[in-house]
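Coordinate-derived values only; no laboratory data. Computed from a prediction, not measured in an experiment: that's the story for all the values here. For neighbour counting, all protein chains shown are included, and Cβ atoms are generated from backbone atoms with ideal geometry for every residue, glycine included.
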Amino acid sequence: MRILALDIGTRTIGVAVSDEFGWTAQPLTTIKRKNDDSDFAEIGKIISEYTIGEIIFGLPRAKDNTPVKSFLDFAEKLSFFKIPVISWDETMTSRRAESAMLEGDLSRKKRKKKINQIAASLILKSYLDARR
């Protein structure tokens, strides 16, 4: 069973998947957001193609440390897929992804394309490490 990780943003959704054993996290793609129907159709294709058994999504927190409601609403809609959906702390994942890509000397253009899927893989890696 593979695990799908989502880094949900207002314009894009970063996507990462685990290997079948739940040991590694690989960045997969970035979905350009259009509307819920289109976004969920793309997520559904990935769930089918990779035989996903669980979804992890990065849950940001507001300044008062409460979960951001729009992300909880999106997660509730993910229940449509009838597989477990788990929120996971995404604190600093985008910054860590940016730092890793800077160290790898990626151009600004490449960083912009990859940052969300790298952040999703960091969310997933954190979750996988915590499960062990």
(Q) Sort 49-60, 1-12 by the packing proxy (mean of other Cβ within 10 Å over each peptide's residues), most packed first. (A) 1-12, 49-60
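Among 121-128, 16-23, 78-85, how do they line up from the highest to the lowest mean number of other beta-carbon atoms within 10 Å? Display every interim value, and only then the final one.
Numbers: 121-128: 22.9, 16-23: 16.9, 78-85: 13.9.
Final packing ranking: 121-128, 16-23, 78-85.
Just to check, using Stokes-Einstein with a Kirkwood Rh over alpha carbon pairs, what's the diffusion coefficient of the range 1-53 at 37 °C and 0.692 mPa s in µm²/s?
Approximately 292 µm²/s, per Stokes-Einstein.
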Q: Work out from phi, with θ = phi - 60° and the Karplus expression 6.51 cos²θ - 1.76 cosθ + 1.60, the ³J(HN,Hα) of each residue of the range 122-132, listed in order in whole Hz, and give x for Gly and Pro.
A: 5, 4, 5, 4, 4, 5, 4, 4, 5, 6, 6
